[in-house]
C-alpha cells in the first residue's frame, strides 16, 4: 500500500503569512512569568521570558531533588509562528540551555493563552539516562 503525504512549501501559504510587507508579528503574549500547569511536574516548574529591545532571554527553574534549580538564563532566537489553519501570526522562541551534564533545546509559543514548550533533552554525563522529548504547558503568573 502506498501512502501519499501532502507537503506545503512556503509558496503554498497564504501570502499574508510570509510577506514581510504585511506580516506583523507580536511577542507581547510571550513576555512574562509562566508556571507549569502540572504542580507535580518533575521537569520545568517555571519559565520567565523577557525582552530587551529586539533581544529575548529565557530563564527556567527546574525541579530538583532538594527544590527548584535555576538554569542559566539564555538568549533566545525569535521565530515566526505561522499557523495557517488557526490564522495565528506571532513570535515563537527557540532557546538552548547547556547545564554541563545535559543540553536542553526548547521551543516556546503561546496557543490560546497557554505557553507551550517542546523540550528536547540530551544527557552528556554517561549516566545511562535516556534522552527524551517532552511537551509541557504553562499558565501566566503575572
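The values are calculated or read from the model by the stated rules, or taken from the named source; none is laboratory data. Just so it is clear, the structure is predicted and the values come from calculations on it, not from any experiment. Cβ atoms come from the backbone with ideal geometry, glycine included; neighbour counts cover every protein chain shown.
Details
- The lone exception for residue 95 - which of (1) part of a strand (DSSP E or B); (2) farther than 26 Å from residue 28 by Cβ it fails: (2)
- Cβ-Cβ under 6 Å pairs, at least 6 apart or on other chains, the stretch 92-112 side in contact (Cβ under 8 Å) with a residue 60 or more places away in the chain, far side part of a loop (DSSP other than H, G, I, E, B) and buried (at least 22 other Cβ atoms within 10 Å of the Cβ): 110/30
- Checklist (1) under 21 Å from residue 55 (Cβ atoms); (2) surrounded by fewer than 14 Cβ atoms within 10 Å (Cβ to Cβ); (3) modelled with pLDDT of 95 or more applied to residue 97, failing item: (2)
- Search result, residues across the stretch 65-91 that are at pLDDT below 90 and buried (at least 18 other Cβ atoms within 10 Å of the Cβ): 81, 82, 89, 90, 91
- Yes/no for residue 122 being over 12 Å from the mean Cα position of the chain (by Cα), assigned to a strand (DSSP E or B) and modelled with pLDDT of 95 or more: yes
- In the stretch 41-50, the count of residues that are surrounded by fewer than 16 Cβ atoms within 10 Å (Cβ to Cβ), touching a strand residue (DSSP E or B) at 6+ places or on another chain (Cβ under 9 Å) and part of a strand (DSSP E or B) is one or more.
- Sole exception among (1) at pLDDT 95 or above; (2) farther than 19 Å from residue 56 by Cα for residue 107, by number: (2)
- Among the residues here, residue 129 does not qualify as part of a strand (DSSP E or B) and loosely packed, with under 13 Cβ neighbours inside 10 Å.
- Residue in the stretch 10-27 that is exposed (fewer than 11 other Cβ atoms within 10 Å of the Cβ), modelled with pLDDT under 95 and touching a helix residue (DSSP H, G or I) at 6+ places or on another chain (Cβ under 6 Å) present: yes
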